[in-house]
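For reference, the structure discussed in these notes is given below.
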């Protein structure tokens with residue numbers, strides 16, 4: 001099944017599914033291997049992990065799309081991507097939709113912030129006028145319909161915590177974005193469950209949100225609330241970031257003793273001792289070599305030694 005069609009089915013199913021966030025092709029493969037039905041490319045973590053810069057509208061469309069292309073190619077499950085504010089006005093948004101569709105992505109979310117934007121969790125956030133935002137979503141929908149009607153467009157509304165923001169303004173915008181023809185509505189930063197319920201009652205399209213301000217409920221509660229997806233932008237990034245920071249400091253303080261303890265702790269882990277090569281497909285590469293290359297070329301495996309030997313686990 002086409003990935004965009006599969007993502008559309010997930011949002012329309014009436015059952016909560018998890019959107020497993022990451023920032024690279026390895027993360028996308030890990031999401032699929034763990035059994036998740038949808039992977040996600042986080043703009044904030046892409047900025048952090050790939051460029052080492054804050055999520056402040058600095059990354060370009062080209063940088064985001066190239067990373068998305070790598071992630072989409074690495075997995076057979078649909079990939080949802082952060083497309084920031086579309087990298088310009090409504091005309092830029094059409095180009096943005098075309099670029100992400102061309103990269104093999106299943107859907108994107110676009111936010112109603114100005115250029116440059118900033119992370120939705122950072123103070124000082126602003127939003128553009130409702131009229132301009134609605135025009136950008138109409139442009140996204142038109143580009144979708146022309147290129148891939150199954151491609152999923154999410155309208156992210158940042159108005160609740162922006163300058164002058166309110167629940168009333170958020171609901172007004174969500175209604176307008178629904179009328180613009182988007183597929184999913186994304187309420188950024190509701191401040192209470194009551195606010196989320198009010199937004200859910202005001203619109204009919206699938207709805208998702210972030211949970212930082214109110215705490216993440218159980219999946220059954222999300223389903224009762226009418227939430228379409230459990231959105232976890234940092235599911236794969238955050239544990240890696242914390243573990244890497246802690247181990248770097250531990251190694252600096254304790255040296256090889258810390259490294260040896262870590263190696264012992266993870267010696268049977270499926271990704272330890274270069275076993276991640278198997279996960280990434282080195283065995284398949286050897287299989288292809290034996291299928292396509294001359295015997296002499298493949299004999300290199302018998303004439304060399306490696307810590308990891310493809311196809312000989």
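Please treat every number below as a calculation from the coordinates, not as lab data. Given the structure is predicted, the values throughout are model-derived calculations rather than measurements. Because the Cβ atoms are built from the backbone with ideal geometry, glycine has one as well, and the counts that use them run over all protein chains shown.
For the residues 125, 284, 117, a GNM of the chain with alpha-carbon springs under 10 Å puts the largest fluctuation on 284. Note on residue 132 and residue 12: with the Förster distance fixed at 30 Å, the Cβ-Cβ geometry gives a FRET efficiency of about 0.55.
Give the peptides 232-240, 45-53 in descending order of average Cβ contacts within 10 Å, highest first. Intermediate results must be reported in sequence, preceding the final value.
Values: 232-240: 18.6, 45-53: 16.7.
For the peptides 232-240, 45-53, the packing ranking is 232-240, 45-53.
Against the main long axis of the alpha-carbon atoms of the chain, helix 282-292 sits at an angle near 70°. Each of (i) 1.04; (ii) 1.12; (iii) 0.93 is a candidate for Cα Rg over 2.2 N^0.38 Å; the one calculated from this structure is (ii). Largest GNM mean-square fluctuation across 98, 290, 37, computed for the chain with C-alpha springs under 10 Å, falls on 290. Stretching the chain fully between residue 224 and residue 168 yields a gain of 17.9 nm (0.36 nm per residue, less the alpha carbon separation). Which residue, 68, 176, 213, tops the fluctuation ranking in a GNM of the chain built on C-alpha contacts under 10 Å? Checking each option, the largest mean-square fluctuation is seen for 213.
Between residue 50 and residue 212, what FRET efficiency follows from the Cβ-Cβ distance if R0 is 25 Å, with the result rounded to 0.05?
Values: r = 23 Å, r/R0 = 0.92.
For R0 = 25 Å, the calculated efficiency reads 0.60.
Label zone (residue 269, point 7 Å along Cα-to-C-beta; backbone nitrogen cut-off 18 Å) within segment 220-245: 235-245. With a Förster radius of 41 Å applied to the beta-carbon distance between residue 257 and residue 309, the computed FRET efficiency rounds to 0.85.
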